[in-house]
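Remarks on the structure that follows.
The values are calculated or read from the model by the stated rules, or taken from the named source; none is laboratory data. Since the structure is predicted, the reported quantities are computational estimates derived from the model, not experimental observations. Backbone-built Cβ (ideal geometry, glycine too); neighbour counts: all protein chains shown.
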Amino acid sequence: MSKLEIVKGYPRYMRESIKAVEKTRDKRSKETFKLMSLEERAELLQKHHPDYKKKEKRPLRFGPNKGDLMPHEVVDLLEAHPLVNPRDIDLSHVDFDTDILIIGGGGGGMTAALWAHYSGIPAENILIIQKLRLQDSNSVMSQGGVQAADKPNDSPLLHYLDIIGGGHFTNNPELVRALAMDGAYIMKWHEELGVEYRRDAEGTMFTLSGGGASRKRMHSARDYTGLEIVRTLKDEVLNKEIPVLEFTSAVELITDDQNRVAGAVLYNMETQQYYVARAKATILSTGGFGRLHIQGFPTTNHYGATADGLVLAYHVGAKLRDMDSVQYHPTGAVYPEQIVGLLVTEKVRSLGAQPVNKHGEQFVYPLEPRDVEASAIIRECYEKNNGIETTTGIRGVWLDSPLIELTRGEGTIQKELPAMLRQYARFDIDMTEDPVLIFPTLHFQNGGVEMINDKAETSISGLFAAGEVTGGAHGKNRLMGNSILEYSVFGRRAGMFATKYAKKMKLGKLTLNHVTKYEKMLKESGVETDRKAPILLPEYRGEKVLSHALDIL
Amino acid sequence: MGREYQVPFGLTIMKAMEYAGYRFIRGAGCRGGFCGSCATVYRIEGDYKLRVALACQKTVEDGMYLTQLPFTPANKPVYDVEKLSPSVNVLLEYYPEIAKCVSCNTCTKACPQDLEVMDYVQAALRGDLEEVARLSFDCIGCGLCAMRCPTSIVPYNVAQLARRLYGKYVMPRAKHVDDRVKEVEEGKFDEEIKNLMETSLDVLKERYTKRDIEK
């Protein structure tokens, strides 16, 4: 490899283009690029959004979503053998007997646990299981903030319009109402827990705009908003002494003889022992599918985002929705190589940074809804050929971060974006002086297990869900700041309504009949495969090692 | 970890270990510098100095030898923040060991986020919640400071209590949040939101397109 000359973190050849960006900065700081009409959006998406590429999807062959087009990576998991054979599992021995089982200990799961407890379930009758550590989730990584319509110039009605328009009018209105109406409750609850949202001396929340939002309603805590919320929730879960099993995954749901979900088969990730957990109500809060790398995209997601919840739910016959829709975050890092795919928070644009091409020109309004913004960046790089190519051949455009310092004053980035600043500084890039190179990255599962009402219920009795694993609230596209809101709103509702349900529930005999049935459907629909699911963790080991591996121990 | 591997140039420690054949159950989390699950200690051959890093954020170097922290056994008392007050003594009451701090600054040197850990432990000792909250805010709870402290303090748990008390009792409350909660409870938006839910797609699209955008 020839040695590249690196100047302040960037190869010398990129410096030419950075000069062009610097040259237009002053002028651009006074210009706003025009917003697209609904028609322009539709045309752009059709032509450039990865979701609209037909060959990247295929119809699912069986089950309640038979015939639905989904990405190959998702179909591969649904058209796969369940991990457990019912004959190997002794359901007569119950290891954990609980009122409410919560699968997934991220933001949604912990919120659900706390609200189940507030609603009257004793801590010891709740169980959170978490395949890695408590709090390991995408929730901890969300940076930009939470949307909540709590300012005098704002209203839940405007938030409702933003959500449903951003989702291309495909959302379930009942769920959108819950999101829009509960925002202020969530902020109040977080304040009571002690979450440090930025406020002024009078207590007025510091709020910014986000893509597709008509009001400045994004509340933040520097660019560690997710971390600040989640560590507070975790502290509270530990203080309430709610039982948590870490490094334990759910490999199959259990039903009772009336097909109601009644717990799960758990699996110790380290000792490989299984446990039977019986629960009157089960809440699925397993997050999304970023680590499936749909269409080969890099991802912003947590190591554990492997769509386990989708698979478990589909095994018991729960309906999914909008699984054809994937969110690519417009601004993923593409340089340096070590951080390719990692998130550059939308807050960077909310604070005033513009996406700019290699000539230093704006080409899109900085805060379009995410799918539209991402498509415009793809078009700029591939149709218009105005991208900058990295040393490893990835194209991207600039996100002109120094503009923030120019328009909001020096030191703004240090104060508002310390995580971003730190991330780039680790590779000798100073984002207060130089722009950063970005391209869309796989970010969020827009669809999921269908939530059938605002009580966080799914189509199967006894199975509640909250957060990214669900479908319906965002339709075909989620707006920024609505993911924390979603797991908070529906985590709370799942906790409350699962409590109500559990209090009345008398379970029948435990079974895994649905697994046998699933195997039968698989066979009858002609699927021939060795695949097994859920996969629990992605596979990143080197090919050389895997090709010579022996399964001995 | 005592076994030598050759990996391609430019990988992070995490990706290098995976390339070499390790599959993480512990020691990998968000892979983006936010969760603190991949705390790593290492030395470079020929250098006495023990260094720290997050495996997901640090590029491997020639002669690097390392291990990861799979778990931190950390003292965390149970408390009810509703019943506490932001008093000068509250941190000392729950974490009396902070009085044993010998100001050696090892915690600060062990912080992969470059936080002034010792300074916030000292602020905790003085009962200065605001200073603890400010200095510790970017903490990702990786555990390295706690494992390196010669007097067994768990700085990040002390800071967590301080931040909760500061956020709950010292930061001013947002009146507009309370006002909005009240309006929602009184049903101020119920009828209009019902109309939005029931209206035709064309009307909804028109209302969406015509809504004014706050600049």
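Could you say whether any residue in segment A:229-249 is in a loop (DSSP other than H, G, I, E, B), buried (at least 19 other Cβ atoms within 10 Å of the Cβ) and touching a helix residue (DSSP H, G or I) at 6+ places or on another chain (Cβ under 9 Å)? So far as segment A:229-249 goes, yes, one or more of its residues are in a loop (DSSP other than H, G, I, E, B), buried (at least 19 other Cβ atoms within 10 Å of the Cβ) and touching a helix residue (DSSP H, G or I) at 6+ places or on another chain (Cβ under 9 Å). A:Gly226 meets each of the listed conditions (1) more than 8 Å from every other protein chain (Cβ to nearest Cβ); (2) surrounded by 23 or more Cβ atoms within 10 Å (Cβ to Cβ) apart from (1).
Could you tell me which numbered condition B:Tyr166 fails, if it satisfies all but one of (1) without any contact (Cβ under 8 Å) to a residue 40 or more places away in the chain; (2) among the hydroxyl-bearing types (Ser, Thr, Tyr); (3) surrounded by 16 or more Cβ atoms within 10 Å (Cβ to Cβ)? All conditions are met except number (1).
For B:Thr67, are the conditions met, namely being touching a Gly at 6+ places or on another chain (Cβ under 9 Å) and under 22 Å from A:Lys234 (Cα atoms)? So B:Thr67 fails the test.
The residue that is nearest to the chain's Cα centre (by Cα), among those in segment B:97-149 that are surrounded by fewer than 17 Cβ atoms within 10 Å (Cβ to Cβ), on the phi > 0 side of the Ramachandran plot and not polar (S, T, N, Q), is B:Asp114. If you go through segment A:1-56 and pick out every residue that is in contact (Cβ under 8 Å) with a residue 12 or more places away in the chain and either within 14 Å of chain B (Cβ to nearest Cβ) or in a loop (DSSP other than H, G, I, E, B) (or both), you end up with 15.
Of the residues making up segment A:490-510, one or more are farther than 30 Å from A:Leu208 by Cα, in a loop (DSSP other than H, G, I, E, B) and free of Cβ contacts under 8 Å to residues at least 12 places away in the same chain.
Which residues, taken from segment B:186-215, are among the acidic types (Asp, Glu) and either within 18 Å of A:Pro173 (Cα to Cα) or at the interface with chain A (Cβ under 8 Å from one of its Cβ atoms) (or both)? If the condition is that a residue be among the acidic types (Asp, Glu) and either within 18 Å of A:Pro173 (Cα to Cα) or at the interface with chain A (Cβ under 8 Å from one of its Cβ atoms) (or both), then B:Asp190, B:Glu191, B:Glu192, B:Glu198, B:Asp202, B:Glu206, B:Asp212, B:Glu214 are the ones that fit. Residues in segment A:182-193 that are within 7 Å of another protein chain (Cβ to nearest Cβ) and crowded, with 24+ Cβ neighbours inside 10 Å were compared, and the one that is farthest from the chain's Cα centre (by Cα) is A:Ala184. Considering the conditions (1) in contact (Cβ under 8 Å) with a residue 60 or more places away in the chain; (2) in contact with a Gly (Cβ under 9 Å, 6 or more places away or on another chain), A:Leu179 is excluded by exactly one of them, (2).
Might you check whether a residue that is surrounded by fewer than 16 Cβ atoms within 10 Å (Cβ to Cβ), at the interface with chain A (Cβ under 7 Å from one of its Cβ atoms) and either under 26 Å from the mean Cα position of the chain (by Cα) or under 21 Å from A:Leu134 (Cα atoms) (or both) occurs anywhere in segment B:19-42? Within segment B:19-42 (the criterion being surrounded by fewer than 16 Cβ atoms within 10 Å (Cβ to Cβ), at the interface with chain A (Cβ under 7 Å from one of its Cβ atoms) and either under 26 Å from the mean Cα position of the chain (by Cα) or under 21 Å from A:Leu134 (Cα atoms) (or both)), the answer is yes, since at least one residue qualifies. The helices (runs of 4 or more DSSP H) found wholly in segment A:341-452 and carrying at least 2 residues that are over 24 Å from the mean Cα position of the chain (by Cα), buried (at least 19 other Cβ atoms within 10 Å of the Cβ) and modelled with pLDDT of 95 or more occupy A:402-408. B:Leu115 meets the conditions (1) away from chain A (no Cβ under 14 Å); (2) without any contact (Cβ under 8 Å) to a residue 40 or more places away in the chain; (3) under 19 Å from B:Leu161 (Cα atoms) in every case but one. The failed one is (1). Scanning segment B:128-180 for residues that are of a type in the set (Asp, Glu) and facing chain A (nearest Cβ under 7 Å) yields B:Asp138, B:Asp178. Among the residues of segment A:164-183, those identified as in contact with a Pro (Cβ under 9 Å, 6 or more places away or on another chain), small (Gly, Ala, Ser) and in a helix (DSSP H, G or I) are A:Gly165, A:Gly166, A:Ala180, A:Gly183.
The single condition among (1) farther than 30 Å from A:Leu127 by Cα; (2) within 9 Å of another protein chain (Cβ to nearest Cβ); (3) among the aromatic types (Phe, Trp, Tyr) that A:Phe206 does not satisfy is (2).
Could you list, in sequence order, all residues of segment B:127-140 that are closer than 18 Å to B:Leu91 by Cα and assigned to a loop (DSSP other than H, G, I, E, B)? Lay out the reasoning, then the answer.
From segment B:127-140, those closer than 18 Å to B:Leu91 by Cα are B:127-137, B:139; that's our starting set.
Scanning segment B:127-140 gives B:Gly127, B:Asp128, B:Phe137, B:Cys139.
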